[in-house]
1. At 0.36 nm per residue, and after removing the present C-alpha to C-alpha distance, how many nm does the segment from residue 295 to residue 168 gain when stretched out fully?
2. Return the Rg/Rh value of the range 214-331, two decimal places, where both radii are evaluated on C-alpha atoms and Rh is the Kirkwood radius.
3. Listing 329, 124, 154 from the residue with the fewest other Cβ atoms within 10 Å to the one with the most, what is the order?
4. The chain: D in µm²/s via Stokes-Einstein (Kirkwood Rh, Cα pairs, 20 °C, 1.002 mPa s)?
5. Can you compute the FRET efficiency between residue 175 and residue 48 using 1/(1 + (r/R0)^6), with r the Cβ-Cβ distance and R0 = 45 Å? Round to the nearest 0.05.
6. Taking a virtual spin label 7 Å from the Cα of residue 118 along the C-beta vector, which residues in the range 37-80 bring their backbone nitrogen under 17 Å of it?
7. At 7 Å along Cα-to-Cβ for each site, give me the label-to-label distance between residue 94 and residue 274 in nm.
8. Quote the relative contact order of the chain in percent (integer), defining contacts as alpha-carbon pairs under 8 Å separated by 6+ residues.
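All of the numbers you see were taken from the coordinates with simple rules; none came from a lab. Note that this is a predicted model, so its numbers are computed, not measured. We place every Cβ from the backbone using ideal geometry, glycine too, and count neighbours over all the protein chains shown.
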Ligand code: NAX
């Protein structure tokens, strides 16, 4: 039997936490033959609820689950973890300024960066989900200089999956036959969901989405805004933000990163920019990536038209602004 992998989930008493821990314990994230030990972190006001989650995990008697540590101590939570899924954060409340929310999250991510850097396993892979996800990941990277920058990512896979879902619904094809959409940029409403390279597997081979969807207007306008605004639409319908789809996307993100993407398929991940596609280095930006042997690499050489260029730059600009807002909170 394989050695258990230690997976940290912060904000584990919250909505996404509640949806993701059973997925991890069932092998959805790391595979059906990979035992796991869950490290669950939340803050003091949620300690009792967190313990309830631990009780339910015990009651579920998951064969792959070899242990559960539920704690409000970041150091205990980070000890020896191989994967860190950062869901905990400070939500924007009514009447709060953007800067106040940023400031709360900057201090959370600064502190958790140090705890991870000092106590996580070497080569720990980090996925930041909590918003502002790209900028929280950037702060984490800055304050954990000994963690390789390649190991710090943020979640845009939910947006990627939403784009696949919209194409599948619109063309009435199986979602598993659609691939290679791209989410560029920020996990926010400025993100650019790009279908220019996306394809659908049909009975007569692989066809570009652009060829199958005759309505360019839909692809260039409504499709994009639907994906960008999907989070808000879920809140309106459910009176709560996306949780099961976010948890599922997070499992997809880690699974593909660790176990690899299928040949000929790419996925979207928020990663530290190396300047690819003219996106300035020093931002955590969502790119198309392929993964192999635990490492991601940005898909190179895709043709970018003028329409895409403008949208990719607009979302980069927002990230530059978020970055300077975050830095203005540091002191
Ligand atoms: P919840 O409010 O249900 O849960 C958040 C949990 O984090 C709470 O239990 C809270 O006590 C805990 N927490 C707060 N500060 C903490 C700290 N310093 N250390 C550890 N835990 C802490 O929110 P939920 O719906 O689960 O969403 C979590 C985060 O994911 C939010 O920031 C949300 O905006 C973000 N999302 C990001 C998505 C993405 O695709 N990147 C999509 C889903 C989601 O909206």
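1. Separation in residues times 0.36 nm, less the Cα-Cα distance, equals 42.8 nm.
2. That ratio is 0.99, to two decimals.
3. Listing 329, 124, 154 from fewest to most nearby Cβ atoms yields 329, 124, 154.
4. 106
5. Once the sixth-power term is evaluated, E becomes 0.70.
6. Only 72-80 pass the distance filter.
7. In this crude spin-label approximation the distance works out to 4.7 nm.
8. On the way: 644 pairs, mean separation 57.1, N = 331.
Reported relative contact order: 17 percent.
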